[in-house]
Amino acid sequence: MWPSFLELLCQVLRKACSSRMDRQSVQQLLGLVKESNFLKVCLPQYAADMMTEPAPALRQQYPGHVGNIVALLQDLVSIFPASSVQNISVLMSILPASINVLRASGVDIAEQTERSLEKVQALIQHLQEKKREGTLRTDSYTLLQPQPGGQEDSYRAMTVYPTYNEVHRDEKPFLRPNIVSGRYESTGVYLDTHFRLLREDFVRPLREGILELLQSFEDKGLRKRRFDDIRIYFDTRIITPLCSSSGIVYKVQFDTKPLKFVRWQNSKRLLYGSLVCMSKDHFETFLFATVSNRDSTDLAKGIAQLCFTGHSQALLAEAQPSDSFLMVETTAYFEAYRHVLEGLQEVQEEDVPFQKYIVECDTLVGEPAYLRMGSTYNLAPLMEEPSPDGERGLASPEGLRRQRVNVLDPSQWPSMEALKLDESQMQALQLALTKELAIIQGPPGTGKTYVGLKIVQAFLTNEQVWQKSPILVVCYTNHALDQFLEGIYKSQKNGIVRVGGRSSSEVLKQFTLRELRKKCDFRRNLPPHLRRAYVDITNQMKHSEQELREGARHLECTTYGVLHERHLERYISLQHWDSLTNGPEDEWFYCFGSRHSMILEWLGLGVNTFTQNTAENPGPETTGGQQEGEEEEEGEVQEELLEIEEEADLIQADRVIEEEEAARPQRRKEEENGAVMELANRLLAMKLEKQGLGAAQPQQEGEWEMQPAQRKKMKHKMKVELHKLSTMTEEQAEAIQDLWQLDLGSRWQLYRLWLQMYQGDIRRQILQHERQYQVAAERLTELRLQEDLCILKEAQVVGMTTTGAAKYRQILQKVEPRIVIVEEAAEVLEAHTITTLSKACQHLVLIGDHQQLRPSANVYDLAKNFNLEMSLFERLVKVGLPFVRLNYQHRMRPEIAQLLTPHIYQELENHPSVLTYENIKGVVSNLFFVEHDFPEEEIQEGKSHQNPHEAKFVVELCKYFLCQDYLPSQITILTTYTGQLFCLRRLMPAKTFAGVKVHVVDKYQGEENDIILLSLVRSNREERAGFLQISNRICVALSRAKKGLYCIGNMGMLGKVPLWSKIIHTLREKGRIGRSLILCCQNHPDTRTLVSKAADFCQVPEGGCSRPCEFRLSCGHVCTRACHPYDIQHKEFQCLKPCQKVLCKDGHRCPHLCSEPCEECMVKVPKTIPKCGHPQMVPCSTPASEFSCQEPCQKYLTCGHKCNKLCGQE
């Protein structure tokens, strides 16, 4: 090989190995290098030739080439620690000598290269020792390169998952608190602090939960016990591997009996992305997995889909469906943690932008680097209304020149009136455009999203100033992202990309990555090597999936019943086979049994043996019957609750990045289930599902006449035995002569031994296909990231949720957005914000309000004592960085705003627009708090609370407001606990309340409505207010209403909380709190009704008062309803009295109701039919000449017979 070509190859390999996005492709590439003659022959020869190279010019180029070779060796040893040692041994023996010769001849070898070589040598020595000890057999793990610098850098080598020592020895981690009142010592300490705190936040509940569980294994009531930190699933079986777009996932089944009260549709159990830890040996070894797909109907049957971590996948090879695991779930959304933790480990200290402010807390903020060239901005488009087609308005050339301003000079700016901003909004816009790190605080209703959109519009209009790269917009929730991007869409119809959970916005669906990839010319424009790779990988995946699916179906079938003996024959010794098939010494048995599966008879499930056993042992089966009964009853409970829409769906929607959705169509799922059932019919002698024979043994006429109760008992017996873990050893099995002499327990143990051998065989057959599919899927993911990179680089605005930004962090480093805007920044953990920023970021705008919702930490101790729940936004405000607070609120009427000022915000002024709101109809006050002392109830599952008294009151009040002619869309019911949400919805039939929004306070930040009905829930003797004592949540709850706020709660108890005490004092001063709300009839304003509980609304059945309406209708009757404020003119009212109108000259009256249209008179009167002269009873309004006579015809036909038709018929 030519030396120059070899040098180029080394350079290319080093470049490829530096990619963080394509690890699977890099691994495959290095796998080829490891086995090649390039490594074993060409490189050693090249290294040896260095020593004799005569040309000085060529010798001077060697240091760079040596550096490339050493980097390649580092990567090889790191990725293939076991198999690469031998292959690089020749090169490693020559390379140091060549370096020494070069140095001696005056060639300067870089110190970094020598240090790297020493590391490789030390690593090889360590690996050789391990190999001699026999502990290094395969390349099943990747070695992390240790970092220099001791304690503060060691976080880079830490595993994200809990370790054995943490779980068993309660090893306490090293933690530092987040510094909130000064600077950090260094960027290394800063990254280390946030990594450890974030890791501890998700590890601690799992660690402490498992420790508590380990101490409780002897506890007989373990299955009923509740643990604070974890949820437990017993007898979990890994059934079968499945293929998904992201790789291999596994179908697992757990015991649902201890979970019969769980409402799966509402439950936060096993949500997408949650971490589970599984063990079958008291956590001596454990597997980690995340929930990859959630289907509440499957969960009710105890079926979940899990995606195991890379390390756990290696251990899975030994797992069989008969292995029983204990599965423990932690509530944290692990996927978000994982991406951010890995991002913190990967980011280099020098690449963290804005260290001057974030780490050193310097309060003198400079202008963005791109503005230092004296660039000018065109602000004209900010003064215009966006055109309908979304094209930015173009003013005349003179106007454009006049509007181009140096934004660093305040005197050149247009007036705030021209920009349609108030004073504080103007200050916020100026700060955002002129400071490289801008912080804007937006209290409720102050228009922070409106200002944010103005900022984006200014950037997009002047993209030539900051040199085009996409603007990155990051929001905490899907809903906020939709709102913000829809605002951008009004003035920017293209160039948007949205990365986040499923969008509820129709206009934004075209901008998701999935839709943009579908565009016909997209893949055609990709580089040829990416197009080729795509075809190769998808073909590989299809082939592996086909092979794998067949084996997986066989594996799954083994859990559905008893296998027919013919499928187990190869695992049964010849002697045992003869014994089994010949049957016992019983002629009648032989005659009857031979027509069925012998294994059923042997296991006590044949007709003769089972009926005989049932007669002898009635006891256990009766119990079994009861258990079955319980299961059926449990099914009924589930059925009642299915229609309820729950908060679990909201959490799920925020977690699942749209591209990750396991969108396996229902039809395909049903086809797959059908194929498994068809195979089960062939393989099984008896199925659990149908409590009878599989197709392997067709039922003979007159046989198996068994009572339903007996079948149920048989099913239960089989289920219990199939779930037992004990098996016979092979040695014990060999000692048996006659299988029919064994007792029933031993027979089942032997069957389970055969079954394990059968399952093990299938597992080994499909393992290779599993690995091939997984590798191909990982390469496909990397390829998709390359496609996505092409899309994102072409965008003008990239919108992401914080979860999306964490997942796509490596792409963001390559997209290099210079401008990053974080909406809801005060709700985001600092580590999430940091991993969103790339080293190219020159301008960061944080918009939020730290006095509303803060970031939520899992562990209270870390939130309070280590300051984990403080966002970057709040920390920078607290250390004194300049920020602008928006001061004019445009949402709440003044009396509602008074609840926030000065108790929460020192100053918050009312915009003139809120002074002109009309009063709320049907009540005396626009703002009222109803006091009570009815106790709350704790909900068994989910640690939540409900208060039925409050729920009933709020629902009746909502119905009352609907009677005042308010639209359902104008009313929102808010509650502070998800348990109350469930309680409320059960009281709200859709036909009455369709369109009324019902939300938990935490999910309603950023939203508003005309009328808010707020249920505070907490009311107990212990005076525990829970999170109602947190000022941020109080702030959100009280600031959602525009025109009317009505709250119900135990104010006596809440008054013990200092902030509530101040708010209640303000309410009492204004007379806006009391035991009863005063309703005021719109029709009779002097009539007042006091309501303090739901039953009191009976006094106002139609929303007015108890007087009769007595409105004179157009028909002359009087309205019979009670007083009602809606439909005042009675245009929609239908009178239900008899009509009584005279329809004809004979005085006949209309028989219909008054509201029904009158018809012609149908009273029958005697009339003579002129054609035939017959008298007939004819409807009054029908002329006799048009009536068809009903008398029999008297005429004779030409044939002589009498006509059999009626007189009036032709």
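Just so you know, all these numbers are worked out from the coordinates, no wet-lab data involved. Just so we're clear, the structure is a prediction, and the values are computed from it rather than from any experiment. Methodologically, a virtual Cβ is constructed for each residue, glycine included, from the backbone with ideal geometry; neighbour enumeration extends over all protein chains shown.
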Item checked: Ordering of 1151-1164, 291-304, 1073-1086, 467-480 by burial proxy (mean other Cβ atoms within 10 Å per residue, highest first) -> 467-480, 291-304, 1073-1086, 1151-1164
Checklist line | Per principal axis, descending, Cα span of the stretch 919-1074 in whole Å | finding: 40, 40, 28
Notebook entry, point to check: Quick one, what does Rg over Rh come out to for the stretch 1-128 if you take C-alpha atoms and the Kirkwood Rh?
Noted result: 0.95
Next item on the list: Using DSSP, restrict attention to beta bridges with both residues in the stretch 919-1074 and report what percent are antiparallel, rounded to the nearest 5.
Entry: 10 percent
Check: Each label point is 7 Å from the Cα along the Cα-to-Cβ direction; what then is the distance between the points at Lys814 and Leu214, in nm?
Finding: 4.2 nm
Note to self: Could you order the peptides 1166-1174, 271-279, 414-422, 1196-1204 from most to least packed, using the average number of other C-beta atoms within 10 Å per residue?
What the structure shows: 271-279, 414-422, 1166-1174, 1196-1204
Check: Cα-based Rg (one decimal) and Dmax (whole number) for the stretch 1056-1109, in Å?
Finding: 14.9, 48
Check: How far is it, in nm, from the label point at Leu742 to the one at Glu1156 when both lie 7 Å from their Cα along the line to the Cβ?
Finding: 7.7 nm
Check: Where Lys and Arg each count +1 and Asp and Glu each count -1, what net charge lies around Gln313 among other residues with Cβ under 13 Å from its Cβ?
Finding: -2
Checklist line | Extension gain (nm, one decimal) between Leu1090 and Arg226, 0.36 nm per residue minus Cα-Cα | finding: 306.7 nm
Next item on the list: Compute the Kirkwood hydrodynamic radius of the chain, taking the inverse of the mean of 1/r over all pairs of distinct Cα atoms, and give it in Å to one decimal.
Entry: 36.6 Å
Next item on the list: Looking at the chain, send over the antiparallel percent of its DSSP beta bridges, to the nearest 5.
Entry: 55 percent
Notebook entry, point to check: Quick one: if you stick a label point 7 Å off each Cα along the C-beta vector at Phe5 and Lys1131, how many nm between them?
Noted result: 8.8 nm
Next item on the list: Calculate the length of the line joining the C-alpha centroid of the stretch 67-88 to that of the stretch 272-286, in whole Å.
Entry: 33 Å
Check: What ranking do Leu984, Leu974 get, fewest neighbouring Cβ atoms within 10 angstrom at the top?
Finding: Leu984, Leu974
Notebook entry, point to check: Given the stretch 733-822, what whole percent of its Cα pairs are spread farther than 23 Å?
Noted result: 58 percent
Note to self: If amide hydrogens are placed 1.01 Å from N in the peptide plane, which non-local residues have theirs closer than 5 Å to the one on Ala685?
What the structure shows: Val562, Leu563, His564
Item checked: Sites Thr992 and His723, calculated FRET efficiency, Cβ-Cβ separation with R0 41 Å, nearest 0.05 -> 0.30
Notebook entry, point to check: What pairs from Lys509/Lys1003; Lys420/Lys921; Lys15/Lys119 go past 25 Å between their alpha carbons?
Noted result: Lys420/Lys921
Item checked: Debye-sum result for the stretch 199-346 in log10 I(q)/I(0), which assumes one identical scatterer on each alpha carbon, at q = 0.11, 0.14, 0.20 Å⁻¹ -> -0.40, -0.66, -1.43
Note to self: Under the 0.36 nm per residue contour assumption, what length would be gained going from the current alpha-carbon distance of Arg169 and Ser89 to full extension?
What the structure shows: 24.8 nm
Next item on the list: Work out the length of the dipole vector of the chain about its Cα centre, built from +1 on the beta-carbon of each Lys and Arg and -1 on the beta-carbon of each Asp and Glu, and round it to the nearest 20 debye.
Entry: 2920 debye
Item checked: Whole-Å distance, taken between Cα centres, linking the stretch 1152-1210 and the stretch 910-951 -> 69 Å
Checklist line | Contact order relative to length of the chain, as percent, for alpha carbon pairs under 8 angstrom and 6 or more apart | finding: 11 percent
Notebook entry, point to check: Taking 0.36 nm per intervening residue step and subtracting the Cα-Cα distance, what contour gain separates Tyr860 from Gln28 on full extension?
Noted result: 295.1 nm
Check: What ranking do Lys172, Lys724 get, fewest neighbouring Cβ atoms within 10 angstrom at the top?
Finding: Lys172, Lys724
Next item on the list: Assuming 1.306 mPa s and 10 °C, estimate D for the stretch 1-44 with Stokes-Einstein, Rh taken as the Kirkwood radius over Cα pairs, in µm²/s.
Entry: 143 µm²/s
Next item on the list: Apply the membrane-span-like helix rule to the chain: whole DSSP H runs, Cα extent along the own long axis of at least 15 Å, mean Kyte-Doolittle hydropathy at least 0.5. List the helices found.
Entry: 3-17, 89-104, 448-461
Item checked: Rounded, prolate or oblate (a/c below 1.5 giving rounded, otherwise prolate when a/b exceeds b/c) for the stretch 159-211 by Cα gyration tensor -> prolate
Notebook entry, point to check: Listing Ser181, Ser505 from the residue with the fewest other Cβ atoms within 10 Å to the one with the most, what is the order?
Noted result: Ser181, Ser505
Next item on the list: Classify the stretch 822-894 as rounded, prolate or oblate, taking a ≥ b ≥ c as the square roots of the eigenvalues of its Cα gyration tensor: rounded when a/c is under 1.5, otherwise prolate if a/b is larger than b/c and oblate if not.
Entry: oblate
Notebook entry, point to check: Relative to the Cα centre, what is the charge dipole magnitude of the stretch 919-1074, using +1 at the beta carbon of each Lys and Arg, -1 at the beta carbon of each Asp and Glu, and rounding to the nearest 20 debye?
Noted result: 300 debye
Next item on the list: Could you work out how far the C-alpha centroid of the stretch 803-834 sits from that of the stretch 750-790, in angstrom?
Entry: 33 Å
Next item on the list: Calculate the all-directions average of the projected area of the stretch 1051-1187's alpha-carbon convex hull, and give it in nm².
Entry: 13.4 nm²
Check: How large is the helix-only mean residue ellipticity at 222 nm for the chain, computed as the sum of -39500 (n - 2.57) over DSSP H runs with n ≥ 4, divided by its residue count, in deg cm²/dmol to the nearest 500?
Finding: -12500 deg cm²/dmol
Next item on the list: Show the residues, 5+ positions off or on another chain, whose built amide H is closer than 5 Å to the amide H of Gly799.
Entry: Val473, Val497, Arg498, Val499
